[in-house]
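The values are calculated or read from the model by the stated rules, or taken from the named source; none is laboratory data. The shown structure was predicted, so the numbers you read here are calculated from the model rather than taken from an experiment. For neighbour counting, all protein chains shown are included, and Cβ atoms are generated from backbone atoms with ideal geometry for every residue, glycine included. Surface areas here come from the heavy atoms of the whole protein model, side chains and all, with no ligands, DNA or RNA. Shrake-Rupley method; radii C 1.70, N 1.55, O 1.52, S 1.80 Å.
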Amino acid sequence: MSTVHVLNHPLIQHKLSYIRDKRTGTKDFRALVDEVAALMAFEVTRDLPVEEVEVETPVGPATVKKLSGKKLGLIPILRAGIGMSEGILRMIPAARVGHVGLYRDPETLQPHEYYVKLPNDVEERELLVIDPMLATGGSVVEAINSLKKRGAKSMRLICLVAAPEGVRYVQEAHPDVDIYLAALDEKLNEKGYIVPGLGDAGDRLFGTK
Ligand code: URA
């Protein structure tokens, strides 16, 4: 079974309190989500392998550490995932970025992919799948299915806020994918919103509705 990491860093939790506040407008909401995403990148990548290499500083030789494992790929799930991808990309500027777009069938309520564009060496990369809100888990599970179908072998999921129902669903469907959250909330309400959550992340990020 995968591990769920709730990132209780004080800076993440402080910024999340403003993100949750309904009085926070689009401009600040977007900036705060971007900052939290960058801070989360720090924790999500904590166990990446490094190797020792030699460099010459202006003073003399030094043994330093560089990343040595798989190259990274960011996969924001459209559209709200975009709001977190820039912050993570600032910390990992060499990462390639792929996108997965899903829509919900109005009759069956099942998610279906409408857009998938991935780096062509996706099977060799460690992928960070990004979706701010893990609610029922339906779209995340479908997005990871799409990635695996195209050869993805190794990935981690990064969300701001999750409901226990969504976490369970992803863990059951994809026990190989560790989950990183800024908060694990109480439940889903009858409209599928996370409680207490932060409302509709996409609408608040992009100023729509
Ligand atoms: N998507 C959102 O943006 N918010 C929720 O609370 C649930 C799903």
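Suppose we filter the range 60-84 for residues that are within 16 Å of the ligand (Cβ to nearest atom) and free of Cβ contacts under 8 Å to residues at least 60 places away in the same chain; how many remain? Break it down into steps so the answer makes sense when it comes.
Kept after step one, since they are within 16 Å of the ligand (Cβ to nearest atom), are these residues of the range 60-84: 76-84.
This time we only want the ones that are free of Cβ contacts under 8 Å to residues at least 60 places away in the same chain, so: 76, 78, 81.
Here the count works out to 3.
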**Item:** Pairs where the first residue, in the range 114-143, is in contact (Cβ under 8 Å) with a residue 40 or more places away in the chain and open to solvent by 20 Å² or more (accessible area, probe 1.4 Å) and the second is acidic (D, E) and assigned to a strand (DSSP E or B), C-beta under 9 Å, 6+ apart
**Value:** E142/E113
**Message:** Contact list please: Cβ distance under 8 Å, first residue in the range 190-204 and open to solvent by 60 Å² or more (accessible area, probe 1.4 Å), second residue more than 8 Å from the ligand (Cβ to nearest atom), pairs at least six apart or on different chains.
**Reply:** P196/R20; P196/D185; P196/E186
**Asked** Among the numbered criteria (1) over 24 Å from E43 (Cβ atoms); (2) away from the ligand (no atom under 16 Å from the Cβ); (3) buried (at least 16 other Cβ atoms within 10 Å of the Cβ), which single criterion is violated by L147?
**Response** (1)
**Message:** One residue is enough: does the range 43-50 have a residue meeting the conditions touching a residue at least 40 places away in the same chain (Cβ under 8 Å) and either closer than 23 Å to G202 by Cα or in contact with a Cys (Cβ under 9 Å, 6 or more places away or on another chain) (or both)?
**Reply:** yes
**Asked** Can you name every residue in the range 60-74 that is in a strand (DSSP E or B) and surrounded by 14 or more Cβ atoms within 10 Å (Cβ to Cβ)?
**Response** L67, L72, G73, L74
**Prompt:** Which of the helices (runs of 4 or more DSSP H) contained wholly in the range 75-187 include at least 2 residues that are out of contact with any helix residue (DSSP H, G or I) (no Cβ under 9 Å at 6 or more places or on another chain)?
**Reply:** 138-149, 164-173
